[in-house]
Amino acid sequence: MEGDPPVKAVVMAGGEGTRLRPLTSNQPKPMVPIVGKPCMEHILELLKRHGLEDVIVTVAFLPQAIRSYFGTGESIGVEIGYSVEESPLGTAGSVRLAAGRLDDTFLVISGDALCDVDLTRLVEAHREKGASVTIGLKAVDNPLEFGIVVTDEEGRVERFLEKPSWGQVFSDTINTGIYVLEPEVLKHVPTDRPYDFSKELFPLLLEMGRPIYGCVLDGYWQDIGNLDQYRQANFDALDERVRLNIGGIRIRGNVWIGDGVDVHDLEALEGPVYIGNYSRVSPHATVGPYSVLSTSVTVRERARTSHSIVDASTYIGRSAVVEGAIVGRSCDLRAHVRIHEGVAIGDEVTVGAESVIMPGVRIYPYKEVETGSQLFESLIWESRATTRVFGKSGVSGMVNVDLTPDVAVRLAAAFGTALERDARVVASREGSPVCRMIKRAMISGLTSTGVDVADLRVIPSSVARHLVKSEGYRAGFHVGESPNDPEVIRIQFFEQPGIELTARLQAEVEKHVTRGEFRRVSAAEVGRISYPSRVRESYASDLLATVDADAIRARGFRIVVDYGFSAASSVMPLVLGPLGVESVAAHAFPNDATGGPGPALAASLGQAKRLVPAVGADLGAVIDRAGERVYLVDEQAREVPVEQALLLYVNLIARSGRGGRLAFPVTVTSQVDRLVEGTALEIVRTEASLPALTKAAAEGGVVFGGAVGGGYVFPEFVPAYDAVASLLHLLELLATVGRPVSELVAELPQPTLVHQPLPCPWGVKGLVMRVLNERLAGRDLDLTDGIKVFDERGWASVLPDPDEPLIHLYAEGETPESSSELADELRGVIEEIEQGEQAAART
């Protein structure tokens, strides 16, 4: 009524929401998002629209989550005060706690029930009737889950029924939990125990004869009590069955797009759809009807969502499908994942590639589902997360998904803590802006631990490794892109004398990352950053000193080099020029300006094949983006397979008459042993990892190392993969032979090695290896890495993958047929063990 004082509002936000788990496992129920905003924010906006700007919020479960988000309410245009429930007090008890601030008529509303009802009309009805209590009522089809309120024709309440049976249903009007009350009714609420409005206070007031009225509310009202209701509330918002302030611009009637959204094709959005600020929908991805994507969600190529709610900063990988599901904040759904209807996933869950989450499964926050899993049961207590930080080639992750700048800072702080105070570290990177971002974050983390950093900027990792070796730096790191996916960043770590980080130091770093224990130095001890000059020139000079320059000059090579936008293009001319090598370059400059990916390996090889005959080159060399690996094309424009390229190096070294040791992983073909028979060379076998190979290469007497894949090590210079050094040493070896590459390759033995990756769950890997070891006892075995068994036909090896739920099977016989036979025999044994384990699990 005109002249009446403004009504205060009490928002009850203490709900824990157990039926909404896993969405409410780590946040209070009022904070679950409805079209990009917490449910409670929509309620506060409703209060604002009806002039109820003085608000008290009662909080209990995780109160700081609410206080930190809403603060004083200034951003919404209301003034918020908080009343904290230290112990459960019930609905009436929580409001009673704030009674000191309620000196006139006030309204109570739930922060976790979505509605757009006319609150002004409810307050007016209360004052018109002179009521002590007015209850907002709503007609529903199925009142069994709610408290029924029976009123007379005047609207006065006659009786209450809490969650009645159908035999007790005398009305379809239910209690919405929205009340207008006079402050004196709170005097009847005891302070020594929990007390409820509808179950205790209102029946007491009714018995006392106090005027309690019901007012049937028009408009939308939906309790967010369970996952189905939560999903439906979002869909109702998209269908505009509830009037909400949905952010962003509106197109085509039922598609809402927030600020800074990157959508490649608007036709890929099938309304009704909501896409929050800064989200990204890649080419050929589809956002289907009833998709709600909150802030900063990424949907990669060929992925699809429909009838699903996806919370902020979640990543949906290539060709993944999310249908009828609810996905929490900061989740990572990898490529080809399938999330079925009814699935609910909590915050910060990682689902490995090609996994399938079956209908109705719930995954609680902070879990990791391994690659290739089929999840039929909810994942609640078990944590499948790993404490492993290092993979097969350093640390890798999707940029701004699982490898963010803050993650890089912590990783670098752990690295610095594992080193001595005042240690000196070298930093380098590839040319893209994302590599620069991660490298700078790493430098910040390192210097915070008192470690000095020499920043070499854009340069091949081999140059950084050379500086570590030649100038006595303690360690170094290099930031580059994955050769298979420019969205994936790879951080390589190395130590004296340029080898990959050893297992001992890796374990130290992982320990500090897991425990969060970092050495933080005082302001005066923060590490210094320097920018060494002429490191390329010193690298080139030292490399030239390790080859027979006169022999290379005398041969007068003409070559084609495709740099693949590698930083090696800034180094290679410094060694080819003094040797008189004429080179034709392609893709020669790092694309720092664009930050786009370099050419695919197949494209670079194709370019080299065209250029070699066109310019009459002796050979073509394709260098990978990291400047580590080199792939060869002979003078007849034919690609040299990587298996043959490794044998070419071994054969040329054997012909040169050199002595020493050659280091190879246990999985490399036995043809290398045959090529060095009768020479002064000796083969050393290592574990099938780059750290093991470089560590062995750095030991005395090793002159060459390598593995299939284009990576070669000449440890006299740097004990690591180095494309520039590899090409230069190849030119030296070819110069002394004086024959074309094609002839030399034609004379090489044909490898018969086969490699088969076999799916194997993480939990079964250990069992497979144990049973295999037992069954092969007494045979001729090599246990350097995995299990390698020999017989008269050849050998076969079983090697568990350290990063994926796979077992690698290698086999080599005299012929391809015998190799396949060996592999099939061992695969049959492995599958028998896995099937036995599955049968045991079912029983």
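The values are calculated or read from the model by the stated rules, or taken from the named source; none is laboratory data. Just so it is clear, the model here is predicted, and its values are computed rather than measured. Note that we place each Cβ from the backbone using ideal geometry, even for glycine, and neighbour counts take in every protein chain shown. Just the protein is used for accessible areas: all its heavy atoms, side chains included, with ligands, DNA and RNA removed. Shrake-Rupley method; radii C 1.70, N 1.55, O 1.52, S 1.80 Å.
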Protein accessible area in region 480-601, 1.4 Å probe - carbon and sulfur %: 52 percent
Sorted peptide list for 625-637, 699-711, 716-728, 775-787, criterion being average Cβ within 10 angstrom, highest first: 716-728, 625-637, 699-711, 775-787
Table column - 3J(HN,Hα) (Hz), region 424-435, Karplus curve with 6.51, -1.76, 1.60, x for Gly and Pro: 10, 10, 9, 10, 8, 7, 7, x, 7, x, 5, 5
Over the chain, relative contact order from alpha-carbon pairs under 8 Å, at least 6 apart, %: 6 percent
Note, ³J(HN,Hα) from phi for region 405-422, Karplus 6.51, -1.76, 1.60, rounded to Hz, x at Gly and Pro: x, 5, 5, 5, 4, 5, 4, 5, 5, 5, 4, x, 5, 6, 9, 6, 4, 6
Principal semi-axes in Å for region 474-557 [√(5λ), Cα gyration tensor, largest first]: 36, 19, 14
Region 606-615 - phi-based ³J(HN,Hα) in whole Hz, Karplus 6.51/-1.76/1.60, Gly and Pro as x: x, 4, 5, 5, 6, 6, 4, x, 5, 10
Per-residue [θ]222 nm for the chain (sum of -39500 (n - 2.57) over DSSP H runs n ≥ 4, rounded to 500): -8500 deg cm²/dmol
Summed side-chain charge close to R674 - residues other than R674 whose Cβ falls under 12 Å, Lys, Arg +1, Asp, Glu -1: -4
Cα-projected label distance for E79 with L783, points at 7 Å along beta-carbon direction, nm: 7.7 nm
Centre separation in Å (Cα based) which lies between region 276-290 and region 697-719: 47 Å
Reference-scaled alpha-carbon Rg (2.2 N^0.38 Å with N residues) for region 327-469: 1.29
Residues whose placed amide H lies under 5 Å from that of V426, excluding near-sequence neighbours: A454, A475, G476, F477
FRET E, pair E124, I529, Förster distance 56 Å, beta-carbon r, rounded to 0.05: 0.25
Gain on full stretching of the segment that runs from N226 to R610 - 0.36 nm per residue minus C-alpha separation: 131.9 nm
Cα centroid separation, region 62-137 to region 213-259 (Å): 21 Å
Stokes-Einstein diffusion coefficient of region 612-756, Kirkwood radius over Cα pairs, 4 °C, 1.567 mPa s, in µm²/s: 85 µm²/s
Partners for K48 among lysines (Cα-Cα distance below 18 Å; same-chain residues under 8 apart left out): K8, K37
Tilt relative to the chain, helix 39-49 - C-alpha long axis, 0 to 90 degrees, to 10: 50 degrees
Residue-count net charge about C331 - beta-carbon cut-off 12 Å; Lys, Arg +1, Asp, Glu -1: -3
Fully extended contour minus Cα-Cα distance, from E45 to L204, at 0.36 nm per residue: 53.9 nm
Distance from region 763-824 to region 427-466 (C-alpha centre basis), Å: 40 Å
GluC sites (Glu not before Pro) lying in DSSP loop within region 22-104, provided at most 13 other Cβ fall within 10 Å: E74, E86
Which listed pairs, of K439/K765; K129/K187; K439/K609, have C-alpha distances above 29 Å, in listed order: K439/K765; K439/K609
Virtual spin-label span in nm between Q374 and E184, 7 Å along Cα→Cβ: 6.9 nm
Residue-span extension gain [R421 to F790] - 0.36 nm each, minus C-alpha spacing: 128.0 nm
Amide proton proximity set for R490, modelled H, under 5 Å, gap of 5+: G480, E481, S482
Reduced Cα scattering model of region 520-563, Debye log10 I(q)/I(0), q = 0.13, 0.25 Å⁻¹: -0.57, -0.99
GluC sites (Glu not before Pro) within region 753-843, DSSP loop, no more than 10 other Cβ atoms inside 10 Å: E792
Along each principal axis, Cα extent of region 4-98, largest first, Å: 43, 32, 20
When region 178-239 is reduced to its Cα atoms, the Kirkwood hydrodynamic radius in Å: 14.7 Å
Cβ-Cβ FRET estimate between R457 and E537, R0 fixed at 22 Å, reported to 0.05: 0.90
Degrees, to the nearest 10: 227-238 long Cα axis against longest axis of the chain: 90 degrees
Rg and Dmax of region 87-138, Cα atoms only, in Å: 12.5, 37
